[in-house]
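The values are calculated or read from the model by the stated rules, or taken from the named source; none is laboratory data. If you're wondering where the values come from, they're calculated on a predicted model, not measured in any experiment. Each accessible area value is taken on the protein alone, full model and side chains, heavy atoms only, with ligands, DNA and RNA left out. Shrake-Rupley method; radii C 1.70, N 1.55, O 1.52, S 1.80 Å.
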Amino acid sequence: MSLLPILKDEYHKLSDQTMDELVTFLEDLGDTMEMDDFDVEYTQGVLTLNVGAAGTYVVNKQPPNRQIWISSPVSGPERFDFRKDHGAWVCRKTGSTLGRLLEHELRDILDMGDLAVPIK
């Protein structure tokens, strides 16, 4: 798969927008949850999501590589590049988008079949 590189400024704009949308979504979701251990923290480009006994997600920007990285308690670590042809953050290894990965895993963890993560 060949990736069209994104410029530094474009990377920051896209990654900041993605992280902001993800934080807002997760905080709003947390406000509706009846799960004591559901906690969202976002500091200096690092998002930490505690989902109780299932574990902790860490999502962060990696500016030198122009990627977003995730450490998932379900699937482990993954790296996502922005694919202009998909308009989404895509994992080179699996082909999954960041939004699809989070949606699938959080649906199972939170037992919410209709959960829709608003990022690609």
Add -39500 (n - 2.57) for each DSSP H run of 4 or more in the chain, then divide by its residues: what number comes out at 222 nm, to the nearest 500 deg cm²/dmol? -11000 deg cm²/dmol
For region 52-120, what is the convex hull (Cα atoms) projected area averaged across all directions, in square nanometres? 4.8 nm²
Roughly what angle does helix 8-32 make with the longest principal axis of the chain, taking Cα atoms, 0 to 90 degrees, to the nearest 10? 10 degrees
Where the accessible area of the chain is counted over protein heavy atoms with a 1.4 Å probe, how much of it, in %, is carbon and sulfur? 47 percent
Give me the accessible area per residue for region 37-108, probe 1.4 Å, as a whole number in Å². 50 Å²
Per-residue ³J(HN,Hα) for region 55-66, Karplus 6.51 cos²θ - 1.76 cosθ + 1.60, θ = phi - 60°, Hz, x for Gly and Pro: x, 10, 9, 10, 10, 8, 6, 10, x, x, 9, 6
log10 I(q)/I(0) for the chain, Debye formula on C-alpha points only (no solvent), q = 0.09, 0.14 Å⁻¹, two decimals, reads -0.23, -0.56
